[in-house]
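Computed from the coordinates by the stated procedures, all read-outs in this text should not be read as laboratory data. Being a predicted model, the structure only gives us computed values, none of them experimental. Ideal geometry is used to build each Cβ from the backbone, glycine not excepted, and the neighbour counts take in all protein chains shown.
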Ligand code: DAK
C-alpha cells in the first residue's frame, strides 16, 4: 500500500537529522501515514543523535499509548514503520525527503547533493530551514522543480502551522501538491514568498531584539520586559523565556545578523545576546507564578514600544509581498500562539497602530515605516482578514472556508464573505462554475458557529444572524452557475445545509462520521433549510430521523440516501473541479430538487426514539418538516425560519447552547422539555 494523492504515490518518507526537530517531524509523518503502510526513515551520521532521537520519539509514542491518544495497534503500527539509521542508502526509494539538519548552508547543499543521487528525479525534496531561501539551498540540484522549504514549528508533531516556501525554481505542481498534502495530513500550510527568515522568524527574533532594546533604554529589566511582552502581545511566555526554552538557540543571533544584511538595518545582534550565546547562559526571567512589579506608566511604555516593533515588522513583510494579511494572522496565531497582528491592529484602530509604528521608527530610524500600513491607515479602513478564500482555477472559482480552530464553523463574517464571493462569481463571465470546500483534513463545516449563536441574547441579534445566513445560502443556491460542494470532512448542521444548497455534492470516501443535523442537541432546529431540503433529497423518513435524533450518517450512507453524488478516493477538491467542468460542458446532468410542494408528502412522521433530547424542540422540528412538505421550498424556508426563531422562546434552547459553550460538544444537555 501507499499514500496516493493527486497522482503521486508516497511509500517512503525520509527525514534527515535526528537533532532537535527531526524526530518530531518523523513522528508526525508516521502518525499520519503508518496506516497506509508508509515507512519513515530518519537518517543522521551521528550515532548518539540517532539513539537520542529514537528514544525521544518512542517515548512520545508510548506516552500517547498510555494516555489513550493512540490505540495499542497504532502504537505498534507507528513503531513498525519507522527506522533510525546512519546509512543514507536507506533513503533509496523515498518519495519525499525532509532535511532537518543544522542551519548551515554548505551542509544542506552537501546533503541534497547526496540525496539527489539516491532518489528518483520526481521525489520531492524539502528543507526545514528556518531562514535560508530555497534558491540558495537548492541552486545546485539537477532537478530544482521538485524542491522547496517547509518550515515546521515547535513541537513539530503537534503544532499544525507550517510555512511552505517555494523558490524561483520550484515547479507550481510541487508547491500545489505540497500544500494540499500537508493539509491532508493535518497541518495548516501557509505559503510564504522566498525571503530570508520567511514570515515568522523575523517576528520571533525581532521581538527578542525589541525586548533587549527596551532593557537597554532603561524601560525595564529583563523580567519586567518579558512579563509585559507576554501580556501585551498575548504570548504564553515572553520572548526572553521562550529563548531560554530553546536552549539559548544560537540561530537567533545568527538570524538577526543576517536580517541586518538582508531585510533592514534595524535588525542586529545585540551585544548581550552574543555574550549570552558564548557563555551558554540564560536570560533572567520571571519564575513560575512570580509576581512582577511594573509601574502602569512603564508598562504602557514597554507595551507601546513592543507593539510598534511588532506592527512595523509584519507590515514590512506586506511591502515585500511575501504573505497576505489573512495568511499571516492565521500563521502567527497558530505557530506562535500570540495575538494575530492584523486583527490586533484592527482592534486598537489603524490610527493608533500607525502612531505606534511611527513612534517606534522615530526612536529607531533604521526601521522603515511600511507603505502599505500608511495606505491602509489613510484609507480609514481596517485590514481585510478573510476567513473564506477565493481562487480561480481556470474557469472554476474555488471558495474555501478556512477557520481551522472552529472546524470551519459558519459565523456572520463567513456568511458575509460567502455572499461577496457570490457577487464576484455572478459578475465574472470567465467563471463558469464554483466549488465550495472546507479547509483542513477534518471538517467541511461543523455547523453554524455555536459560540456566536450562544452570545445572541436579543431577538434582533438572532434575526440579523438568521438573515445574513439565509442571504448567503440563497445566493449560493440561486447563483445561476453550477456549484459543487467538495466535502472534505464532516458536514454538520449549517454545513450540511450549505452543501444542500449546492448543485452537486462529492465527499471523501470512507468517512464514518460524516453528515448530520445535530441542532436538537443544542435546543435548536435546523435553520438554514435542513428541514426543507433534507426531506426533498433523502425522503421524509430518513430526513426526519436524522433531524430528530441528531444522529450523523457515514459517507457511504449519504451516497445511498442520495445526499451526495459521489464518494471520492484521493483529492476531493480535484474531483469536484472536474465534476463542475463536466456539468458546465453538459457531460453530466443532475436531478433538480423539487421546488414545489412535495408530492404525497406525509401527514405524520414515523415514531423515533429521541432519548434525552428536548420534546419541546422536537415538536418544532416535526412541524417544520411536515408543514414544509406541503409548501413550496420558498415558503417552507420561511416557515422554518419562523419556527427556528420559536426555539428562543423555550428554556431548552438556552440549556442546549449553554451546555455546548460551557461543557463542549460531547456533553449531553439536561433538557427540561419546555
Ligand atoms: N461552532 C463553534 N465552534 C465549534 C463548532 C461549532 N459548530 N464545532 C466545533 N467547534 C470548535 C470546538 O468548540 C473546539 O473549539 P476549542 O474547544 O478547541 O476552542 C474546536 O472546534 C474543535 O472541536 P472539538 O474539540 O469538539 O473536536 P472533535 O473532533 O472532538 O469533535 C465535532 C468534532 C464536530 C464532532 C464536535 O466539535 C461537534 O459536535 N461540534 C458541534 C457540531 C454541531 O452541533 N453543529 C451544529 C451547530 S448548529 C441559520 C443558519 C445556520 C444554522 C442555523 C440557523 N439561519 C440562517 C437561521 C445552523 C445551525 C447549526 O449548525
(request) For the chain, evaluate the Debye formula with one uniform point scatterer on each Cα (no solvent term) and list log10 I(q)/I(0) at q = 0.06, 0.08 Å⁻¹, rounded to two decimals. (result) -0.39, -0.69
(request) Would you mind computing, in nm to one decimal, how far apart the modelled labels at residue 634 and residue 458 are, each placed 7 Å from Cα along Cα→Cβ? (result) 3.1 nm
(message) As a footprinting exposure proxy, order 25, 583 by other Cβ within 10 Å, with the fewest listed first.
(response) 583, 25
(message) For a quick check: sort 571, 329 by the number of other beta carbons within 10 angstrom, fewest at the front.
(response) 571, 329
(message) Angle check, please: helix 325-335 long axis (alpha carbons) against the longest principal axis of the chain (alpha carbons), in degrees 0 to 90, nearest 10.
(response) 70 degrees
(request) Could you check the simple spin-label distance between residue 672 and residue 280, using points 7 Å along Cα→Cβ, in nm with one decimal? (result) 6.5 nm
(request) Rank these for me by crowding, 431, 424, going from fewest to most other beta carbons within 10 Å. (result) 424, 431
(message) As a test of the formula, what do you get for the chain when each DSSP H run with n ≥ 4 contributes -39,500 (n - 2.57) and the sum is divided by the residue count, at 222 nm and rounded to the nearest 500 deg cm²/dmol?
(response) -15000 deg cm²/dmol
(request) Estimate the FRET efficiency between residue 471 and residue 37 by the formula 1/(1 + (r/R0)^6), using the beta-carbon distance for r and 41 Å for R0, to the nearest 0.05. (result) 0.30
(request) Report the antiparallel proportion of the DSSP beta bridges in the chain as a percent, rounded to a multiple of 5. (result) 25 percent
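At R0 = 22 Å, how high is the FRET efficiency between residue 114 and residue 319 if r is their beta carbon distance? Nearest 0.05 is fine.
With a Förster radius of 22 Å, E is 0.05.
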(message) Quick check: the angle from helix 172-184's long axis to the longest principal axis of the chain, C-alpha only, nearest 10 degrees?
(response) 70 degrees
(message) Starting from 0.36 nm per residue, how many nanometres of slack lie between residue 582 and residue 372 once their C-alpha separation is accounted for?
(response) 71.4 nm
(request) Compute the acute angle (0 to 90°) between the alpha-carbon long axis of helix 200-216 and the principal axis of greatest extent of the alpha-carbon atoms of the chain; round to the nearest 10°. (result) 60 degrees
